[in-house]
Amino acid sequence: MAITNVTDQNFDTETGSGVVLADFWAPWCGPCKMIAPVLEELDSELGEKLKIVKLDVDDNQETAAKFGVMSIPTLLVFKDGEVVDKVVGFQPKEALAERLNSHL
């Protein structure tokens, strides 16, 4: 499954069912650029069990505010629409995979 870009308008729909990792990011953010290839790898490995979405916080401030995102990258893990985990800042792939696997 490919990583989907989401907006304020479709965020709740896209994160409403199953296990979803939401990446709150911005194009100017260095650590966000570093984590992007990690998310691509996780998507190819866990894509059957996990959906990954990206939300540009500059263009979608409403959703970022709703979830109290103060610094980026912030990764929120949703299970059937509820936040079950939160990771702020860059994470190595192994650490991130371990956290995600606990929710799958």
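Computed from the coordinates by the stated procedures, all read-outs in this text should not be read as laboratory data. Bear in mind the structure is a predicted one, so any value in this text is a computation, not a measurement. Using ideal geometry, Cβ is built from the backbone for each residue, glycine included, and neighbour counts are taken over all protein chains shown.
Please go through the range 60-91 and give me each residue that is hydroxyl-bearing (Ser, Thr, Tyr) and assigned to a helix (DSSP H, G or I), ordered by number. Quick ask: steps written out before the conclusion?
Step one: list which residues in the range 60-91 are hydroxyl-bearing (Ser, Thr, Tyr), which gives 63, 71, 74.
Passing the criteria: only THR63.
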**Prompt:** Only one residue in GLU41, GLU94 is part of a helix (DSSP H, G or I) and either free of Cβ contacts under 8 Å to residues at least 24 places away in the same chain or of a type in the set (Phe, Trp, Tyr) (or both). Which one?
**Reply:** GLU94
**Message:** Six or more apart or on different chains, Cβ atoms under 9 Å: show the pairs whose first residue is in the range 4-22 and over 17 Å from VAL57 (Cα atoms) and without any contact (Cβ under 8 Å) to a residue 40 or more places away in the chain and whose second is in a strand (DSSP E or B) and aliphatic (A, V, I, L, M).
**Reply:** THR13/VAL6
**Prompt:** Taking the range 61-82 on its own, how many of its residues are touching a strand residue (DSSP E or B) at 6+ places or on another chain (Cβ under 8 Å) and either among the charged types (D, E, K, R) or surrounded by 13 or more Cβ atoms within 10 Å (Cβ to Cβ) (or both)?
**Reply:** 12
**Request:** Could you list, in sequence order, all residues of the range 47-59 that are under 14 Å from the mean Cα position of the chain (by Cα) and either of a type outside the set (D, E, K, R) or assigned to a loop (DSSP other than H, G, I, E, B) (or both)?
**Result:** GLY47, LEU50, ILE52, VAL53, LEU55, VAL57
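I'm checking my understanding of the structure. Among residues of the range 1-25 that are part of a helix (DSSP H, G or I) and out of contact with any helix residue (DSSP H, G or I) (no Cβ under 9 Å at 6 or more places or on another chain), which one is surrounded by the most Cβ atoms within 10 Å (Cβ to Cβ)?
The first filter runs over the range 1-25 and keeps only residues part of a helix (DSSP H, G or I), leaving 11-14.
Those still in the list that are out of contact with any helix residue (DSSP H, G or I) (no Cβ under 9 Å at 6 or more places or on another chain) too: 13-14.
Values: THR13: 10, GLU14: 18.
Filtering first and then ranking leaves GLU14.
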**Message:** Consider the range 48-95. How many of its residues are in contact with a helix residue (DSSP H, G or I) (Cβ under 8 Å, 6 or more places away or on another chain) and aromatic (Phe, Trp, Tyr)?
**Reply:** 1
**Boolean, ASP43 is closer than 13 Å to ASP8 by Cβ and of a type in the set (Asp, Glu)** = no
**Item:** Any chance ASP43 is more than 13 Å from the chain's Cα centre (by Cα), charged (D, E, K, R) and surrounded by fewer than 19 Cβ atoms within 10 Å (Cβ to Cβ)
**Value:** no
